[in-house]
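S.K.: Quick one: this structure, given as structure tokens, is what I'll be asking you about.
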Amino acid sequence: MEKKITVIPATAEHDKTNRLKVAAYCRVSTDHEDQALSLKLQVSHFTTLICENSDWDFAGIYADTESGVKADNRDEFSRMLRDCDAGKIDLILTKSMSRFSRNTLDTLATLQSLKEKRGRSSLRVGKYQHGG
């Protein structure tokens, strides 16, 4: 009995309908030299991580040099939240939750607000650390 094989050619276009719009939030507390290097490494790491994932669209890097205790003085954090509200971001990556905010109540309130505006699973904050 002869077997029939059907060849399904690969397509050059990756299906963009299911791709997540991914951004990263990077933050350091001071502008000291060692902190500046940390911020540079965070930005580089997340840019590479996002751009190399074929299921993700790069939605930007948001970076502040400010204390994480209050969100009021973090311009990039505020801009990122506005972009989330506008549907420009599906997933935020951050080095750790302490980079997102040092205040647990503010973190919970921010995530709850985004959840209410975007839906239950539209926005996730994930912890991704630089290897090594």
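S.K.: Take the range 29-63 and flag every residue that is among the hydrophobic types (A, V, I, L, M, F, W, C) and either touching a Gly at 6+ places or on another chain (Cβ under 7 Å) or at pLDDT 85 or above (or both).
M.R.: Leu39, Leu41, Val43, Phe46, Leu49, Ile50, Cys51, Trp56, Phe58, Ala59, Ile61, Ala63
S.K.: Pairs please, first residue from the range 32-59 and touching a residue at least 24 places away in the same chain (Cβ under 8 Å) and surrounded by 13 or more Cβ atoms within 10 Å (Cβ to Cβ), second anywhere and among the β-branched types (Val, Ile, Thr) and part of a loop (DSSP other than H, G, I, E, B), Cβ atoms under 8 Å, 6+ apart in sequence or on different chains.
M.R.: Ala59/Ile89
S.K.: Would you be able to say whether some residue in the range 64-74 is touching a Cys at 6+ places or on another chain (Cβ under 8 Å) and modelled with pLDDT of 90 or more?
M.R.: Yes.
S.K.: Let me ask something additional. Out of all the residues in the range 73-86, is one or more touching an Asp or Glu at 6+ places or on another chain (Cβ under 6 Å), crowded, with 19+ Cβ neighbours inside 10 Å, closer than 25 Å to Asp31 by Cα and not aromatic (Phe, Trp, Tyr)?
M.R.: yes
S.K.: Something else now. Collect the residues in the range 81-105 that are on the phi > 0 side of the Ramachandran plot and acidic (Asp, Glu), keeping them in residue-number order.
M.R.: none
The values are calculated or read from the model by the stated rules, or taken from the named source; none is laboratory data. The structure displayed is predicted, hence computed values, not measured ones. Neighbour counts are summed over all protein chains in view; Cβ atoms, including those assigned to glycine, are modelled from backbone coordinates with ideal geometry.
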